[in-house]
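> One structure follows; several queries about it will come next.
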Amino acid sequence: MITGSYALDAAHVEVDGVYTNKPSGGVAYRCSFRVTEAVHTIERMVDTLAQQLHMDPADIRMKNFIPPDAFPYKSATGWEYDSGNYPAALQKAMDKVGYAELRREQAEKRARGELMGIGISTFTEIVGAGPSNTFDILGIKMFDSAEIRVHPTGSAIVRIGVQTQGQGHETTFAQIVAEELGLPVENIAVEHGDTDTAPYGLGTYASRSTPTAGAATAVAARKIRDKAKKLAAHLLEASEDDIEWSDYKFQVKGVPSRSVTMQQVAFAAYTNHPQGMEAGLEAVDYYDPPNLTFPFGAYICVVDIDRGTGEVKIRRFVAIDDCGNVINPMIVEGQIHGGLTMGMAPALLEAITYDENGNIQQGNLMEYLLPTAMETPVWETDRTVTPSPHHPFGAKGVGESATVGAPPAIANAVVDALSHLGVTHLDIPITPWKVYAILQEHGATEV
């Protein structure tokens, strides 16, 4: 993903692997340890290029985005991006934050000696592992499955192979079934994490639950709906070809008054099914995705820097995300808010360092700085919707997107605030003492 959201003809990546007896720095509690580094690299590179060419960071991105009509797009590193509209996301972020006005304000403040920066991050994630032809764990393929059983009462149970960690799977997966089958969401039980009964699945990570298990759930529900259509035809004494699914019920085409609900069909599946048809109403689906999904976003961060202390204050942060079709907006919003806070942490706070004797210097939470409500700004969020063309209902993963997009937006904003002093790069975390040292070096501190 090193080429990011940009139409690059070629790419070369060289990675140094280091053996160490110190704890791994690549596996973070927030994830996404595979894409965050790549996005941070390309987004810092784009800002550095803009600085060298004396271009606005937004303009250089707009000129180099993969065009919306180029999807599906094969990147220089071989990934096939499923869908995207990067200019629309960035434009929405710029409009929401008032980008032109902020640039004017920055120029005025800089003339007065004040330090204000505006940072942009336009990222593409890669989630939903994965297609069995390319993804496995020790040879075990990484597709997922779902089982659904509709009871005679019209209630249902859904068993999934992914485990909720607070993402709201119980709500999300119940909503998928409710939408596909027209059942009340409160009558749908979601069972997960029970190794005695759970269907085949490779777990929850890499924002893969909705792209894989969510897809399996939808397809299993559609299998049930196909059988239910035969039952509806039997109940309505009509040909199956004359039955349509409309407004969450089966009806005779052209005669909407002749209809039956899924609850009525479910009862018939156990009490009045046609001779020769197997009783019951249940289905299993093993979903092997044809491709990964590629959510994306455009983030703009505005910072002010205290010349007396070097403290970086996030004044505004606008996050536009696109994860395709959204199942539950509140759950997506919650994951974005949490992810943005977790993304702020490595940009400004968190680090693990060792002294010359190999002693860890952040051995407790007084020294290892986790973000709290005190440091967290008001996140301004919105979305665009670019459905995935290969997912059963057009959804993409979203759980890690904000942790990927936030760090470079913040880093770019700080570098932008200090660029007139000749600063071109700062390693994260960008701590107050690191910034203050730079201000001292350039005689820009305030007593």
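The values are calculated or read from the model by the stated rules, or taken from the named source; none is laboratory data. Since this is a predicted model, take the numbers as computed values, not measurements. Neighbour counts run over all protein chains shown; Cβ positions are idealised from the backbone, glycine included.
> May I ask you to verify whether Ala50 is within 26 Å of the chain's Cα centre (by Cα), part of a helix (DSSP H, G or I) and modelled with pLDDT of 95 or more?
Numbers: within 26 Å of the chain's Cα centre (by Cα): no; part of a helix (DSSP H, G or I): yes; modelled with pLDDT of 95 or more: yes.
No: the conditions fail for Ala50.
> Same structure again: Which one of the conditions (1) more than 19 Å from Arg34 (Cβ to Cβ); (2) surrounded by fewer than 19 Cβ atoms within 10 Å (Cβ to Cβ); (3) within 22 Å of the chain's Cα centre (by Cα) does Ser145 fail to meet, given that it meets all the rest?
(2) is the only condition that Ser145 fails.
> Looking at Gly405, Gly443, Gly363, Gly422 in this structure, which one is closer than 26 Å to Tyr99 by Cα and either free of Cβ contacts under 8 Å to residues at least 24 places away in the same chain or of a type in the set (A, V, I, L, M) (or both)? Explain how you work it out, then say what you get.
Working: Gly405 fails: either free of Cβ contacts under 8 Å to residues at least 24 places away in the same chain or of a type in the set (A, V, I, L, M) (or both); Gly443 fails: closer than 26 Å to Tyr99 by Cα; Gly363 fails: closer than 26 Å to Tyr99 by Cα.
Being closer than 26 Å to Tyr99 by Cα and either free of Cβ contacts under 8 Å to residues at least 24 places away in the same chain or of a type in the set (A, V, I, L, M) (or both) holds for just one of Gly405, Gly443, Gly363, Gly422, which is Gly422.
> So Glu170 fits all but one of (1) farther than 19 Å from Tyr248 by Cα; (2) assigned to a helix (DSSP H, G or I); (3) in contact with a helix residue (DSSP H, G or I) (Cβ under 7 Å, 6 or more places away or on another chain); what number is the exception?
For Glu170, the exception is condition (3).
> Against the condition touching a strand residue (DSSP E or B) at 6+ places or on another chain (Cβ under 9 Å), more than 28 Å from Asp427 (Cβ to Cβ) and either in contact (Cβ under 8 Å) with a residue 12 or more places away in the chain or assigned to a strand (DSSP E or B) (or both), how does Glu333 come out, does it pass?
On the way: touching a strand residue (DSSP E or B) at 6+ places or on another chain (Cβ under 9 Å): yes; more than 28 Å from Asp427 (Cβ to Cβ): yes; either in contact (Cβ under 8 Å) with a residue 12 or more places away in the chain or assigned to a strand (DSSP E or B) (or both): yes.
Considered against the rule, which asks whether it is touching a strand residue (DSSP E or B) at 6+ places or on another chain (Cβ under 9 Å), more than 28 Å from Asp427 (Cβ to Cβ) and either in contact (Cβ under 8 Å) with a residue 12 or more places away in the chain or assigned to a strand (DSSP E or B) (or both), Glu333 comes out as yes.
> Would you mention how many residues in region 361-383 are out of contact with any Gly (no Cβ under 9 Å at 6 or more places or on another chain) and either under 22 Å from Ile327 (Cβ atoms) or in a strand (DSSP E or B) (or both)?
Taking region 361-383 and keeping what is out of contact with any Gly (no Cβ under 9 Å at 6 or more places or on another chain), we get 361-382.
Cutting the leftovers down to either under 22 Å from Ile327 (Cβ atoms) or in a strand (DSSP E or B) (or both) gives us 379-382.
Going through region 361-383 one residue at a time, the tally reaches 4.
> Looking at region 434-447, is at least one residue surrounded by fewer than 20 Cβ atoms within 10 Å (Cβ to Cβ) and of a type in the set (Lys, Arg)?
yes
> Which one of the conditions (1) part of a loop (DSSP other than H, G, I, E, B); (2) in contact (Cβ under 8 Å) with a residue 60 or more places away in the chain; (3) buried (at least 21 other Cβ atoms within 10 Å of the Cβ) does Thr212 fail to meet, given that it meets all the rest?
Among (1) part of a loop (DSSP other than H, G, I, E, B); (2) in contact (Cβ under 8 Å) with a residue 60 or more places away in the chain; (3) buried (at least 21 other Cβ atoms within 10 Å of the Cβ), the lone unmet condition for Thr212 is (1).
> Oh, and also: Which pairs do you get when a residue that is part of a loop (DSSP other than H, G, I, E, B), found in region 265-293, comes within reach of a residue that is among the hydroxyl-bearing types (Ser, Thr, Tyr) and surrounded by fewer than 16 Cβ atoms within 10 Å (Cβ to Cβ), reach meaning Cβ atoms under 8 angstrom, with the pair 6+ apart or on two chains?
Short answer, once both residue conditions are applied: Ala279/Tyr270; Gly280/Tyr270; Leu281/Tyr270; Asp288/Ser132.
> Within region 395-438, can you find the residues that are under 28 Å from Pro329 (Cα atoms) and either part of a helix (DSSP H, G or I) or of a type in the set (Asp, Glu) (or both)? First the steps, then the outcome.
Narrowing region 395-438 to residues under 28 Å from Pro329 (Cα atoms): 395-410.
If the condition is that a residue be under 28 Å from Pro329 (Cα atoms) and either part of a helix (DSSP H, G or I) or of a type in the set (Asp, Glu) (or both), then Glu400, Ser401, Ala402, Thr403, Val404, Gly405, Ala406, Pro407, Pro408, Ala409, Ile410 are the ones that fit.
> Sticking with this structure for a sec: Could you please let me know if Gly78 is under 30 Å from Gln165 (Cα atoms), in a loop (DSSP other than H, G, I, E, B) and assigned by TED's automatic domain parsing to the domain that holds Gly394?
Working: under 30 Å from Gln165 (Cα atoms): no; in a loop (DSSP other than H, G, I, E, B): yes; assigned by TED's automatic domain parsing to the domain that holds Gly394: yes.
Against the criterion (under 30 Å from Gln165 (Cα atoms), in a loop (DSSP other than H, G, I, E, B) and assigned by TED's automatic domain parsing to the domain that holds Gly394), Gly78 does not qualify.
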